[in-house]
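A short write-up of the structure that comes next.
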Amino acid sequence: MKTAQFVEGPAGSGKTTHAIEHIRSLIVDQGVRPDEILLLVPQRVLGRPYQIAFSSPDWPGGADITPVTIGGLARRSLELFWPLIAEKAGFAHPTWEPGFLTIETAQYFMAQFVNEAVETGVFDSISVTPFRIMNQTLDNLSKAAMNQFTLDEVASRLVAAWGDRHSSRPPVYRASLDLAARFRDHCLENSLLDFSLQIDLFMKDLLQEPVFERYVKRAYRHLVADNLEENFPVVADFIRWAWDMLDSALLVYDTDAGYRSFLGADPAGMHDLADLCDEVLAFQPLQSANSAILALAGEFSSRLDSATPVPAPSPANPLEAVHFSTHTFYPQMIDWTVDRISELVAGGVSPREIVVLAPFLGDSLRFSLAQGLEQRDIPVVSHRPSRAVRDEPAARTVLTLMSLAYPEWGYAPPSADIADALGQVIDGLDPARAWLLATIVYKQQSGELSSFDAIEARAQQRITYRAGERYEELRQWLVDSRDLAASNPPDVFISYLFGEVLSQPGFGYHADLDAGRVVAELVESARKFRQTLYPHGIEDWSSVSKEYVTLVRKGLLAALYVASWHAEDQDAVFVSPAYTFLMRNRQVDYQFWLDIGSSHWWERLEQPLTHPYVLSRNFPAGQIWTDDLEYAARREALRRLVVGLARRCREGIFAVAAQLGEQGYEQQGPLLLLLEQLGRQVDADGAG
Amino acid sequence: MLPSDFRFSQTSLQDYVDCPRRFQLRYVDAQPWPAVQSQPVLERERHLDLGTRFHRLVERHQLGMEPDTLARTVDDPQLQAWWSAYLGFDYLHTMEGERFPEFRASVDIEGHRVVVAYDLLVLRPEGNVVILDWKTHRWPPSAEWFAARMQSRLYPLVLVLAARRGVFGAVVRPEQVSLVYWLVGSSGDVVEFAYNEAQFESDLSYVGSVLRGVDRESAREEWFKTADEAQCRLCEYRSLCGRDVEIGAFDQFGIDVGNIVSDDVVLFEDVSEVGF
């Protein structure tokens with residue numbers, strides 16, 4: 001290694017800008033070929049500032065640099081070098097090409113094992129849905145891979161950390177790990193690679209291959225790794241492995257962050273990489289930063305962890321950075337927020353410079369905010385990681401129509417579902433007429449639709465002939481398409497249904513862009529399902545379609561990821577869970593922190609089958625996870641969260657509370673107490 | 001508005017040339033429309049999958065893996081036929097020079113970032129550069145068809161521009177570049193295009209004018225739809241645009257498998273979104 005630099009500092013201190021300029025300098029001043037630079041980020045969205053810089057006209061082009069995650073690098077490398085390792089790694093059919101599983105497709109396989117296990121009653125002692133059993137078991141696999149633990153080590157850590165509390169938990173941990181082992185065996189039998197197996201193979205097998213080592217040596221001469229604090233322990237292992245092959249390295253670390261600790265990030269282990277570097281630079285907040293906000297971040301930090309105070313550059317009143325507002329009821333809090341945003345926008349603030357943050361973003365909060373802002377012509381974009389596809393009306397409609405197209409399933413939807421579906425897809429058919437039509441033409445016993453031509457003229461008139469004509473087109477298409485349904489997988493059938501009928505002029509989804517998005521997600525999910533479970537096809541696809549629809553109805557499949565970060569580029573107010581915003585790594589002028597009395601601001605998700613802190617290299621194996629440790633972890637998480645948010649704000653924070661929460665209960669969460677304490681202290685200081 | 005980090009590719013530029021409205025829906029609005037694009041759907045999918053696997057096999061071989069090791073992963077007669085043809089493709093195997101499989105170049109044209117993914121570049125000892133592109137079309141397109149494609153203009157153009165930025169350590173003159181399509185999926189023939197300064201200037205002007213067209217069109221709420229409704233037969237947006245045409249057959253018009261594959265190489269993979 002010729003040069004290695006470690007850069008650390010808080011958000012907004014110019015670290016990423018420094019890294020971008022470093023890359024520019026490598027290309028322009030040192031004549032490095034861009035594709036020889038490995039740019040490693042922990043999460044796709046954190047590569048955005050680089051992609052934007054690389055796309056600008058003044059960027060020294062020539063070849064392409066794509067930011068990669070360790071998962072992306074592992075996958076691409078395994079895809080390419082698969083023949084070298086498949087046999088050694090113990091795959092039953094090493095000549096088969098690997099099938100890479102996404103989170104969703106991994107769930108397809110895991111769902112089978114989970115359903116079987118749930119039926120045996122092994123998880124009866126905890127109150128958790130099959131979907132969460134599935135996800136937390138996959139989480140255990142991922143954490144094992146990220147830390148390079150065996151599954152036995154995971155089990156023994158979880159059991160030991162539970163201590164001598166009531167004894168139902170250890171068997172449940174073991175049951176989850178048994179599921180994980182069965183899933184892993186299934187993957188080895190069928191050449192399937194979920195995230196955990198990709199990481200394991202990459203670290204344990206591929207890095208040992210001389211051909212791969214030569215390839216890395218030739219392909220990558222320079223490393224830039226940003227947001228190291230959010231990355232996994234195996235990333236440090238990989239960097240150490242590659243270190244001597246590189247000509248240069250720039251490692252970038254955010255001192256206040258580490259938000260992905262609950263996903264397995266290892267800020268402390270990553271910081272140890274500084275020891276490898278011959279230069280360590282500590283960046284300070286930019287001079288132009290708002291001094292009151294810096295003081296606020298410092299107060300948060302020192303009050304939640306006096307061991308790591310954040311120095312404020314100038315004596316400023318932190319309360320100048322934050323505006324409190326308390327309301328009795330939740331809707332009042334939302335109305336007040338909408339009013340303030342409206343004033344800011346009227347005063348010339350760009351909507352993009354405003355974010356509304358809450359610990360969780362439920363449907364009603366999202367809807368109320370969006371409706372309030374849209375009524376005032378303020379553009380808004382919201383983000384939630386996922387929601388079940390079955391909750392979307394367009395998806396429910398398609399699933400209902402599928403049930404009619406496959407009478408052999410023996411599933412007759414309720415009349416209400418038929419009425420909803422007809423109202424959705426027949427242009428101009430209002431709910432009352434849709435209900436009338438459904439009650440006349442649909443008999444749940446038979447599960448079939450009868451002809452519009454056969455009903456009484458008076459009823460035809462009420463429904464309207466125009467709607468009747470469309471209904472007949474749809475009905476006839478469903479009848480005529482039974483062969484199509486049997487000979488095609490569910491995704492293809494849905495595509496035909498959408499393209500040939502539902503999106504045609506006169507039907508409800510013609511030019512309905514939102515419906516197009518939802519149905520496209522459904523098609524994509526169905527495609528992944530059958531490509532993963534039935535890669536070699538099957539003669540009669542009807543049973544596969546039934547299996548898919550059943551799993552979606554149970555909520556086990558098909559989560560939607562509708563909002564993209566491209567949508568977030570718009571000049572719109574961004575409404576999001578607080579952690580999601582942090583991982584966008586954006587600075588904005590104004591932040592609204594909603595529902596600051598909620599205890600969710602510091603509680604982590606209840607995960608009875610796994611544990612983010614125990615399954616970490618930093619946690620001693622065999623140690624009990626005590627209430628004191630839990631309290632300290634929560635304080636630290638809250639400290640990182642509020643300091644991180646403050647660091648990403650330029651002008652001001654609106655901290656808004658509702659005395660009665662969304663469910664009507666009184667709220668006194670720790671964030672509210674912290675802010676109240678801060679207010680009292682500063683007032684007292686001022687008075688003194 | 002295009003995303004701030006949008007990068008044009010030969011596929012997106014070809015989309016714009018074929019139909020500005022399609023470009024708008026696909027790239028500006030990122031609007032999915034889940035209708036069937038071409039049929040038979042499963043046959044098309046299988047063909048694309050085999051094309052992807054063939055490209056990967058060649059890349060693996062070019063990276064130094066042994067043919068015997070690679071042959072063990074070939075389990076399909078069609079893929080076997082392409083692989084055998086590749087092993088016997090002396091045109092390539094006897095060519096001296098440094099190899100760059102799946103090489104991505106990126107340049108700025110008219111203020112827009114344009115990215116090209118080459119199947120294989122060979123830097124000849126005398127300084128010439130050969131661009132090789134594998135075509136798994138079931139039918140052999142004519143040289144005229146190739147010449148009219150955006151790919152044939154963009155690939156050599158971007159290579160010359162990228163070389164000026166020092167990507168290959170030296171400037172490459174247009175006369176030193178050749179573009180070779182190998183029709184492995186059909187006739188097995190080689191279609192070769194020499195390059196020269198006049199063609200380079202013409203291509204630069206053409207691509208620049210297409211990009212300016214995109215800029216001009218951006219001011220419109222709804223971009224122009226193609227007047228050639230035959231294009232709509234292979235476009236999933238046909239119902240959205242109110243074009244009452246039949247769904248086209250995927251091999252009738254020549255799906256460009258190789259470039260669908262190489263344009264979509266994605267190195268990103270999230271573990272999961274933050275679960276809050």
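Remarks
- Scanning the range A:431-479 for residues that are modelled with pLDDT of 95 or more and among the acidic types (Asp, Glu) yields A:Glu469, A:Glu472, A:Glu473.
- Flag if A:Tyr496 is assigned to a helix (DSSP H, G or I), touching a Ser or Thr at 6+ places or on another chain (Cβ under 8 Å) and either within 9 Å of another protein chain (Cβ to nearest Cβ) or of a type in the set (Ser, Thr, Tyr) (or both): yes
- Which listed residue, of A:Arg635, A:Arg617, A:Arg639, is surrounded by 20 or more Cβ atoms within 10 Å (Cβ to Cβ) and out of contact with any strand residue (DSSP E or B) (no Cβ under 6 Å at 6 or more places or on another chain): A:Arg639
- Residue in the range A:110-124 that is in contact with a strand residue (DSSP E or B) (Cβ under 6 Å, 6 or more places away or on another chain) and either modelled with pLDDT of 90 or more or surrounded by fewer than 18 Cβ atoms within 10 Å (Cβ to Cβ) (or both) present: no
- Residues in the range A:81-93 that are closer than 17 Å to B:Val74 by Cα and in contact (Cβ under 8 Å) with a residue 60 or more places away in the chain were compared, and the one that is surrounded by the fewest Cβ atoms within 10 Å (Cβ to Cβ) is A:Ala92.
- Condition met for A:Ser13 (farther than 26 Å from A:Lys204 by Cβ and either free of Cβ contacts under 8 Å to residues at least 24 places away in the same chain or at the interface with chain B (Cβ under 7 Å from one of its Cβ atoms) (or both)): no
- Odd one out for B:Asp189, checked against (1) more than 14 Å from chain A (Cβ to nearest Cβ); (2) at pLDDT below 90; (3) out of contact with any Asp or Glu (no Cβ under 8 Å at 6 or more places or on another chain): (2)
- Residue within the range B:64-71 that is under 30 Å from B:Tyr237 (Cα atoms) and in contact with a helix residue (DSSP H, G or I) (Cβ under 7 Å, 6 or more places away or on another chain) present: no
- Look at the range A:428-442: where a residue is assigned by TED's automatic domain parsing to the domain that holds A:Phe452 and a partner is assigned to a strand (DSSP E or B), sitting 6+ places away or on another chain with Cβ atoms under 8 Å, you get A:Ala434/A:Ile426; A:Val441/A:Leu449; A:Tyr442/A:Glu448; A:Tyr442/A:Leu449.
- Here B:Ala81, B:Ala117 are screened, and the one residue that is without any contact (Cβ under 8 Å) to a residue 40 or more places away in the chain, more than 8 Å from every other protein chain (Cβ to nearest Cβ) and small (Gly, Ala, Ser) is B:Ala81.
- Counting only helices (runs of 4 or more DSSP H) wholly contained in the range A:94-206, the ones carrying 1 or more residues that are more than 24 Å from A:Phe81 (Cβ to Cβ) occupy A:103-120, A:130-147, A:151-162, A:169-190.
- Screening B:Gly166 against (1) without any contact (Cβ under 8 Å) to a residue 24 or more places away in the chain; (2) in a helix (DSSP H, G or I); (3) closer than 20 Å to B:Ile109 by Cβ leaves a single unmet condition, (2).
- Of the criteria (1) modelled with pLDDT of 85 or more; (2) closer than 17 Å to B:Val107 by Cα; (3) at the interface with another protein chain (Cβ under 7 Å from one of its Cβ atoms), which one A:Pro34 fails: (3)
- Residue that is farthest from A:Thr550 (Cα to Cα) [pool: residues in the range A:509-539 that are part of a loop (DSSP other than H, G, I, E, B) and within 10 Å of chain B (Cβ to nearest Cβ)]: A:Ala511
- Some residue of the range B:29-38 being touching a strand residue (DSSP E or B) at 6+ places or on another chain (Cβ under 9 Å), surrounded by fewer than 20 Cβ atoms within 10 Å (Cβ to Cβ), more than 9 Å from chain A (Cβ to nearest Cβ) and of a type in the set (S, T, N, Q): yes
- Complete set of residues in the range A:50-76 that are within 24 Å of the chain's Cα centre (by Cα) and not hydrophobic (A, V, I, L, M, F, W, C): A:Tyr50, A:Gln51, A:Thr66, A:Pro67, A:Thr69, A:Gly71, A:Gly72, A:Arg75, A:Arg76
- B:Tyr195 meets all of the listed conditions (1) closer than 30 Å to A:Ile52 by Cα; (2) away from every other protein chain (no Cβ under 14 Å); (3) buried (at least 20 other Cβ atoms within 10 Å of the Cβ) but one, namely (1).
- Among (1) more than 30 Å from A:Arg24 (Cβ to Cβ); (2) within 8 Å of chain B (Cβ to nearest Cβ); (3) at pLDDT below 90, the one test that A:Trp82 misses: (3)
- Test: A:Leu436 is out of contact with any Cys (no Cβ under 8 Å at 6 or more places or on another chain), within 21 Å of A:Val519 (Cβ to Cβ) and surrounded by 14 or more Cβ atoms within 10 Å (Cβ to Cβ): no
- Members of the range B:198-245 that are surrounded by 12 or more Cβ atoms within 10 Å (Cβ to Cβ), in a loop (DSSP other than H, G, I, E, B) and within 14 Å of chain A (Cβ to nearest Cβ): B:Lys225, B:Cys235, B:Ser239, B:Leu240, B:Cys241, B:Gly242, B:Arg243, B:Val245
- The residue of the range A:540-585 that is farthest from the other protein chains (Cβ to nearest Cβ), among those that are at pLDDT 65 or above and part of a strand (DSSP E or B), is A:Val573.
- Some residue of the range A:68-77 being more than 7 Å from chain B (Cβ to nearest Cβ) and either more than 30 Å from B:Thr69 (Cβ to Cβ) or surrounded by fewer than 17 Cβ atoms within 10 Å (Cβ to Cβ) (or both): no
Residues are listed down the side, and each one gets a yes or a no for (1) aromatic (Phe, Trp, Tyr); (2) in contact (Cβ under 8 Å) with a residue 24 or more places away in the chain:
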residue: A:Ser196; (1), (2): no, yes
residue: A:Phe202; (1), (2): yes, yes
residue: A:Asp205; (1), (2): no, yes
residue: A:Arg218; (1), (2): no, no
residue: A:Leu223; (1), (2): no, yes
residue: A:Asp226; (1), (2): no, yes
residue: A:Pro233; (1), (2): no, yes
residue: A:Ala242; (1), (2): no, yes
residue: A:Leu246; (1), (2): no, yes
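- When A:Leu605, A:Leu609 are checked against the criterion of being crowded, with 21+ Cβ neighbours inside 10 Å and in a loop (DSSP other than H, G, I, E, B), A:Leu609 stands alone in meeting it.
- When A:Leu223 is tested against (1) under 30 Å from A:Thr129 (Cβ atoms); (2) outside any helix (DSSP H, G or I); (3) not β-branched (Val, Ile, Thr), only condition (1) is not met.
- Of all residues in the range A:265-282 being touching a Ser or Thr at 6+ places or on another chain (Cβ under 8 Å) and surrounded by fewer than 22 Cβ atoms within 10 Å (Cβ to Cβ), the one that is nearest to A:Ala578 (Cα to Cα): A:Pro267
- Each residue in the range B:75-121 was checked for being in contact with a Leu (Cβ under 7 Å, 6 or more places away or on another chain) and closer than 22 Å to B:Thr52 by Cβ, and 13 pass.
The values are calculated or read from the model by the stated rules, or taken from the named source; none is laboratory data. Bear in mind that the values here come from a model prediction, so they are computed numbers and not experimental data. Because the Cβ atoms are built from the backbone with ideal geometry, glycine has one as well, and the counts that use them run over all protein chains shown.
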